[in-house]
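Novice: I'd like to ask some things about the structure below.
Readers should treat all values here as calculations from the given coordinates under stated rules, not as data from a laboratory. Keep in mind it's a predicted model, so treat the numbers as computed, not measured. Ideal geometry is used to build each Cβ from the backbone, glycine not excepted, and the neighbour counts take in all protein chains shown.
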Amino acid sequence: MTNEQLIEHLSAAFPDAVVKQGKQYPEITVSKEILHAFMKNLKSDTKLAFDYLVCESGVDYPAFIQVVYHIESTSLQHFLIVKCNTENRETAVLDTVMDIWPTAEFHEREIYDLLGITFNHHTDLRRLFLDDTWGHPLRKDFKDDIHVVER
Amino acid sequence: MAEIIEKLITTDEIKTDEYLVNMGPQHPSTHGVLRLLVKLEGEIVHNVEPHIGYIHSGIEKMSEALSYPQIIHLTDRMDYLSAHMNNEAVCLCIEDALQVQVPERVKYIRTIIDELQRLASHQLWWCASGMDLGALTAFFYGLRDREDILDIFEETCGARLTLNYSVPGGVMFDIHPNFQAKVKAFIKKFRKILPEYDKLLTGNIIFQNRTKGVGILSKEDAIAYGVTGPTGRASGFSCDVRKHHPYSAYPYIKFDEKVGTDGDCFMRWKLRMDEMRESLNIIEQLIDNIPEGDYALKMKGVIKLPEGEFYQRVETARGEFGVYIVSDGKKNPYRVKYRSPGFSNLFAINHIAKKWKIADLVAIMATFDLVIPDIDR
């Protein structure tokens, strides 16, 4: 599908979600309530067939933390960016997508470790890189007097 | 005999308890500081749990405090065997965000260095995994030939490992006057050496017994776990970024994407050998046609990206490398995320190593071609 067709198809299927053409790829923002059902549909819908989770990243914004999914379809060769915001920075909770794409298990462990987002229904949510004495370094309010030098 | 052993193992007579063994962080076959917590019953692997983070250096966090030209040389330190591809990914992302077109000469130079780097990486992989499987001779052959490529790099950009050659808008220096002659001499020499590589290991019956049919990764699992690069292609997952999303000079040239079928260790091995030949073909098509012109654009002293989010993917020697930059219009990035190929590849090991012997786990890790700083970042 071309980007235009993809946007059209997604807007028709999910009227609640905000779909727009980003600088490179179509972008869709979904609410955290429908995240899991939406992702499941992306994979199972034969017209979309998004079977390859390329990258999952977390971004800390002043009001919320955003998880960004870069997803590709290996059979239909189209690419989509899905964004989902947590309610606020204090209770950062989202649903896991590891049952849809197994690779998400480790991307989510990394996000949990570095940004402190908890993923519901994740089977093995432990820190990946750091030990428990650390906070969540990729949060903007992270303070570490020893390792971080402020200019 | 095999039936008797099978019977003995399945009945409780010689059944042993499950026990945990730490493989690493200083194990030679983990190629760096990776610790695998292996659950064993006798010699049979039941579970592999990778513990990473021993050299987590916080590159993504550091990048938030640095300017765009400065973050490029941190990427050398991630996958040090694909240093130039990582540099190029960030440069392409910045150029794409600024909407600048680099000169044709730059595209050619970058692609040639890319492929030389891929060759150097595969040579090191070839010799090191030979050593993992008990063939020490291969190690000396591989390092001897890799030296030629590193000398070419040294002459052109001063560094041998962490090149830092790409800058936004071009490359740091023009190629050395000897560059073309030396690359052509290397191709001629290496074409003669490649059959020797095959003679030494690929055709070796001991080597084949250790790798054929071992550690099979199916195409569905490769896609589900996001296993890319030669490892994913050996399973039949056509994931070559150079082919599907061409960048730099890749649109101008003809080359085959090698895709395997079996997905076992031997296929992964063979695929990288084929890729080395294909890299030589790519360089041959480009080396005589480098266009005249500038080797870099004049960029502003302080590079500020427009507000927004940018994603760029390139193919490194290990698989798909992605750069995700979130910019708020300042001279530092708001957030940088690197999608490193090794990270996704590593976690497929648990899935395929089950029910194999611990010696096969070494073969699987060898053919996965892991570089640990790439995983830890």
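Novice: Would you list which aspartates and glutamates come within 12 Å of A:K23, measuring only between C-alpha atoms, while excluding same-chain residues fewer than 8 positions from it?
Specialist: The reachable aspartates and glutamates, counting only those whose Cα sits under 12 Å from A:K23, are B:D96, B:E307, B:E309.
Novice: Separate question: How much net charge surrounds A:R89 when only the other residues with a Cβ under 10 Å from the Cβ of A:R89 are counted, with Lys and Arg +1 and Asp and Glu -1?
Specialist: Within the 10 Å Cβ shell, the charges total -2.
Novice: In vacuum, with every alpha carbon of the range B:17-133 counted as one equal point scatterer, what does the Debye formula give for log10 I(q)/I(0) at q = 0.18, 0.22, 0.23 Å⁻¹? Two decimals, please.
Specialist: Here the Debye-derived log intensity ratios amount to -1.04, -1.23, -1.27.
Novice: Mind pulling the per residue volume of the convex hull built on the Cα atoms of the range A:1-56? Å³ is fine.
Specialist: 93
Novice: Let's see if you can work this out: charge +1 on each Lys and Arg Cβ, -1 on each Asp and Glu Cβ, no other charges. What is the dipole magnitude of the protein assembly as shown about its Cα centre, in debye to the nearest 20?
Specialist: 1100
Novice: Once you order the gyration tensor axes a ≥ b ≥ c over the Cα atoms, which shape class does the range B:120-272 get: rounded for a/c under 1.5, otherwise prolate or oblate by comparing a/b with b/c?
Specialist: Because a/c hits 1.5 or more and a/b fails to exceed b/c, the range B:120-272 counts as oblate.
Novice: Right, another one. Calculate one ³J(HN,Hα) per residue across the range A:85-98 by plugging θ = phi - 60° into the Karplus curve 6.51 cos²θ - 1.76 cosθ + 1.60, and present them in order as whole Hz with x for glycine and proline.
Specialist: Karplus values, whole Hz, x for Gly and Pro: 9, 7, 5, 8, 7, 6, 9, 8, 10, 9, 7, 7, 10, 5.
Novice: Please list, in order along the range A:59-75, the HN-Hα scalar couplings obtained from phi with the Karplus expression 6.51 cos²θ - 1.76 cosθ + 1.60 (θ = phi - 60°), rounded to whole Hz, x for Gly and Pro.
Specialist: Per-residue couplings from phi come out as 10, 8, 9, x, 9, 7, 10, 10, 10, 10, 10, 9, 10, 10, 9, 6, 8 Hz.
Novice: Okay, next question. Please state, to two decimals, what the Cα-based radius of gyration of the range B:56-376 comes to when divided by 2.2 N^0.38 Å (N = residues).
Specialist: 0.98
Novice: Compare the Cα positions of A:T46, A:N88, A:L130 along the charge dipole of chain A (+1 at Cβ of Lys, Arg; -1 at Cβ of Asp, Glu; about the Cα centre) and return the one farthest towards the positive end.
Specialist: A:T46
Novice: Please compute one quarter of the surface area of the Cα convex hull for the protein assembly as shown and express it in square nanometres.
Specialist: Spelled out: convex hull of the Cα atoms, projected over all directions, averaged, 25.9 nm².
Novice: Here is a further query. Given Cα pairs under 8 Å that are at least 6 residues apart, what percent is the relative contact order of chain B?
Specialist: Normalised by residue count, the contact order of chain B is 26 percent.
Novice: Then there is this: Treat each spin label as a single point 7 Å out from the Cα along the C-beta direction, and report the A:T91 to B:T137 distance in nm.
Specialist: 6.8
Novice: Mind checking A:53-64 for the average number of partner chain beta-carbons within 10 Å of each residue's beta-carbon?
Specialist: If you average over the peptide's residues, the count of other-chain Cβ atoms is 5.
Novice: Of the cross-linked pairs A:K20/A:K140; B:K258/B:K330; B:K7/B:K354; B:K188/B:K219; A:K83/B:K300; B:K39/B:K212, which ones have a Cα-Cα span greater than 31 Å in the structure shown?
Specialist: Beyond 31 Å: B:K258/B:K330; B:K188/B:K219; A:K83/B:K300.
Novice: Let me ask another. Given the options B:I352, B:I253, B:I55, state which has the largest fluctuation in a GNM of chain B using a 10 Å cut-off (strictly under) for Cα springs.
Specialist: Result: B:I253 has the largest fluctuation of those listed.
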